[in-house]
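None of the figures in this text is laboratory data; all of them are computed from the coordinates on show. These numbers were taken from a predicted model, which means no experiment stands behind them.
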């Protein structure tokens, strides 16, 4: 076989593999929509999205997922508020400020946090954090939005930190040296030069970290409390979309209204994460443009 | 030609009856509440009768009874009695479902051990779960918010609670829902103001059961019928059972089988 034919063959195999994974993803999506759409024969889209009662197994069931949507968003935003600054500042410390020796210890430890199974984090939240929150804040129950947000932030920080750190590290030293040569201090250089130059990588890290948080199931199932209400404070229990699906799917009779409704929740979740990722892609693309203009 | 068809049918009949005799297969389907009992009994029964193979699956009480009506299972487990609609459907298919009461289940309201409240009425319990009673001082406890813990709407325990305590009214949306009996025990032991409900088999010293109308949730009070939140668990067969099906049901109802019922966390019927 000639070299060119071999090359073509390998190319073909890889094309096949790539097509296979895309087809599989597409089929999963198709399945999701096929199993979810039938619920709209029983309930209108508006009632489904904006209805505020979720009683899927009643004789006259109510399929309103508004509290679930708000639950997902509130917990994701709360974890973002905690995880973004912590993750990015840790990355800045490791990449720019810390001694080499200290950085070599801190970095693997942060990355180790990412390998923690979510069920372990959930268990930790349930057994250790919940009773602590009850005592510390003097609240009736520790399984709530605050606890879940805290645990999700814990899961998102390693991703945000390690990707941001890589981005900060790969900022060309010529840029930083130029800044120092103009008389800027270390801090001014970090804020005005290094961070803007690495912004595309940092935002990728933030998005990957947060998409882990919004789709995470086990942790919210264990520590969010599971009450399908629109939370009035950060200490109220919530029921995000993934935990609803996980808790109810096993017992929902095949092809019942409840089954279709759970798939429709999955569609909603899918659409939201899709929009989220699309927006993220756009942001990182936009900042990449400015980076190239340096 | 007629003779040929007749003989084929005859041969087929012999083959089918022979295979069912040799293989000794038993299919059991239905309620997840009865499943642990069926599982323990099936393991013990298969160990004692190695030629019998038992296939077990869950799917809920409705599916268990449906399997009997459709003939897809030999035994259908159910944590409720058969409904009128299901009997009519069975009759239309010439199926005669026979119930066997194999165990009892008692669902006990539980609170944190530090809670002073040790008894409630059914009405108070219902109003707590409706969200009308919000503070422990309204039912004789200290001034603290009641944290209401319920189960997911698809759980069998929740179904009984809803039927017997809530009278089919809705549990308030603000109630915490927790995915398993074990997790409810865990949450209540860590939350001073919490109230929840569990199958009596899951009771532990980290939590405290509450008397209802002055009756304590115990095995004895379940058997004598004074405790109000109990339910029988059934195994249904098509017609009076024969062969291995009979053997298995007899085993579940034997002294040894009822001991396994206790191990599975339910209450034996004798």
**OP:** Provide the percentage of antiparallel DSSP beta bridges, counting only those with both residues in the protein assembly as shown; round to the nearest 5.
**Re:** 60
Subject >> 222 nm mean residue ellipticity, helices alone, for chain A (DSSP H n ≥ 4; -39,500 (n - 2.57); rounded to 500) >> reply: -23500 deg cm²/dmol
Original post:
Quick one: of the DSSP bridges fully inside chain B, what percent are antiparallel, nearest 5?
Top reply: 60
Subject >> Cα pair distances exceeding 36 angstrom across chain B, given as percent >> reply: 26
Original post:
Pairing the Cα long axis of helix A:257-292 with the longest principal axis of chain A, what angle in degrees results, from 0 to 90 and rounded to the nearest 10?
Top reply: 20
Subject >> At q = 0.16, 0.18 Å⁻¹, base-10 log of I(q)/I(0) for the range A:119-193 (Debye sum, equal scatterers on each alpha carbon) >> reply: -0.67, -0.73
**OP:** Report relative contact order for the range A:1-104 in percent, whole number only (criteria: Cα-Cα under 8 Å, sequence separation at least 6).
**Re:** 12
Original post:
How far is helix B:2-23 tilted, in degrees, relative to the longest principal axis of the Cα atoms in chain B, given as a value from 0 to 90 rounded to the nearest 10?
Top reply: 40
Subject >> chain B, helix-only ellipticity at 222 nm - DSSP H runs n ≥ 4, -39,500 (n - 2.57), divided by all residues, nearest 500 >> reply: -12000 deg cm²/dmol
**OP:** Averaging sequence separations of C-alpha pairs under 8 Å and six or more residues apart, then dividing by the length of the range B:189-265, give the relative contact order as a whole percent.
**Re:** 27
Original post:
Given 25 °C and 0.890 mPa s, how large is the Stokes-Einstein diffusion coefficient of the protein assembly as shown in µm²/s, with Rh as the Kirkwood radius over Cα pairs?
Top reply: 89
Original post:
Alpha carbon centre of the range B:215-229 versus the range B:230-270: separation in Å?
Top reply: 21
**OP:** Could you tell me how many degrees, from 0 to 90 and to the nearest 10, lie between the Cα long axis of helix A:100-114 and the main elongation axis, the longest principal axis, of the Cα atoms of chain A?
**Re:** 20
Subject >> Whole-angstrom gap from the range A:191-216 to the range A:1-79, using each part's C-alpha centre >> reply: 25
**OP:** Give the relative contact order (percent, whole number) for the range A:45-293; include only Cα pairs under 8 Å separated by 6+ residues.
**Re:** 25
Subject >> Gain on full stretching of the segment that runs from residue A:3 to residue A:104 - 0.36 nm per residue minus C-alpha separation >> reply: 31.9 nm
Subject >> Largest-first ellipsoid semi-axes for chain A, taking √(5λ) over the Cα gyration tensor eigenvalues, angstrom >> reply: 39, 29, 17
